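Working notes, beginning with the structure itself.
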Amino acid sequence: MVHIPYKGSTPGIAGLLGGEVSLMFANLTDIGAQIRGGKVKPLAVTTSKRAPSLPEVPTMEEAGVPDFDISSWFGLLAPAGTPAPIVSRLHAEAVKVLARDDVKSTLGAQGLDVRSSTPAEFAAHIKSEIARFTKIAKAAGIKAE
């Protein structure tokens, strides 16, 4: 496989649809419409479990690629030094919104798995992801350019 760098998913999807590339890794939120429209065929999901919005699509492990578990995630961040009461209020309000059925339904339809965590849990997740991908990059000999 040869890596073809695009400046974002939109031009990458255009490259896939236009035949410039034969495959790509994309977030379901970005390429879901093309999947539903039959323009592209999903080969596998990169998470350890099948996507609820694409239950017929195997995981990479099921497709024969062992130990492959990569997921995208989104989070709400505030500038460093934001006072704790403001962080607490933002967190509480975000949790309320994410718990709404209409929000869960809308985000779920886009292929997102809605979860909330505490600010401390999210900070620990970010830290663990940095460590995980640093290890992967070093093992692959990838260097920053």
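Answer yes or no: is there a residue in the stretch 70-82 that is at pLDDT 95 or above, aliphatic (A, V, I, L, M) and in contact with a Ser or Thr (Cβ under 7 Å, 6 or more places away or on another chain).
No, the conditions are met nowhere in the stretch 70-82.
Pull out all pairs, ordered by first then second residue, where Cβ-Cβ is under 8 Å, the residues are six or more apart or on different chains, the first lies in the stretch 122-143 and is modelled with pLDDT of 95 or more, and the second is among the hydroxyl-bearing types (Ser, Thr, Tyr).
HIS125/SER117
Determine if the stretch 92-109 includes at least one residue that is among the hydrophobic types (A, V, I, L, M, F, W, C), open to solvent by less than 60 Å² (accessible area, probe 1.4 Å) and in contact (Cβ under 8 Å) with a residue 24 or more places away in the chain.
Within the stretch 92-109, none of the residues are among the hydrophobic types (A, V, I, L, M, F, W, C), open to solvent by less than 60 Å² (accessible area, probe 1.4 Å) and in contact (Cβ under 8 Å) with a residue 24 or more places away in the chain.
Scanning for something open to solvent by less than 50 Å² (accessible area, probe 1.4 Å), part of a loop (DSSP other than H, G, I, E, B) and at pLDDT 90 or above, does the stretch 59-67 turn up at least one residue?
yes
Are any residues in the stretch 1-47 open to solvent by 80 Å² or more (accessible area, probe 1.4 Å) and within 23 Å of THR106 (Cα to Cα), and if so, which ones?
THR10, PHE25, ARG36, LYS39, LYS41
Residues are listed down the side, and each one gets a yes or a no for (1) within 24 Å of ILE130 (Cα to Cα); (2) out of contact with any strand residue (DSSP E or B) (no Cβ under 7 Å at 6 or more places or on another chain); (3) part of a helix (DSSP H, G or I):
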{"residue": "ALA26", "(1), (2), (3)": "yes, yes, no"}
{"residue": "GLY32", "(1), (2), (3)": "no, yes, yes"}
{"residue": "SER53", "(1), (2), (3)": "no, yes, no"}
{"residue": "ALA78", "(1), (2), (3)": "yes, yes, no"}
{"residue": "GLU93", "(1), (2), (3)": "no, yes, yes"}
{"residue": "ASP102", "(1), (2), (3)": "no, yes, yes"}
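Looking at the stretch 63-80, is at least one residue of a type outside the set (A, V, I, L, M, F, W, C), farther than 21 Å from PHE25 by Cβ and out of contact with any Gly (no Cβ under 7 Å at 6 or more places or on another chain)?
yes
What number of residues within the stretch 34-51 satisfy the criterion of being more than 21 Å from PRO11 (Cβ to Cβ) and either of a type in the set (Ser, Thr, Tyr) or not in a loop (DSSP other than H, G, I, E, B) (or both)?
3
Somewhere in the stretch 111-124, is a residue part of a helix (DSSP H, G or I), aliphatic (A, V, I, L, M) and exposed (fewer than 13 other Cβ atoms within 10 Å of the Cβ)?
Scanning the stretch 111-124 turns up at least one residue that is part of a helix (DSSP H, G or I), aliphatic (A, V, I, L, M) and exposed (fewer than 13 other Cβ atoms within 10 Å of the Cβ).
Every residue in the stretch 47-91 that is of a type in the set (Val, Ile, Thr) and either in contact (Cβ under 8 Å) with a residue 24 or more places away in the chain or in contact with a Leu (Cβ under 7 Å, 6 or more places away or on another chain) (or both), please.
Passing the criteria: THR47, ILE70, VAL87.
The values are calculated or read from the model by the stated rules, or taken from the named source; none is laboratory data. Keep in mind it's a predicted model, so treat the numbers as computed, not measured. Reconstructed Cβ throughout: ideal geometry from the backbone, glycine too, with neighbour counts over all protein chains shown. We work out accessible area using only protein heavy atoms, side chains counted, and drop any ligands, DNA or RNA first. Shrake-Rupley method; radii C 1.70, N 1.55, O 1.52, S 1.80 Å.
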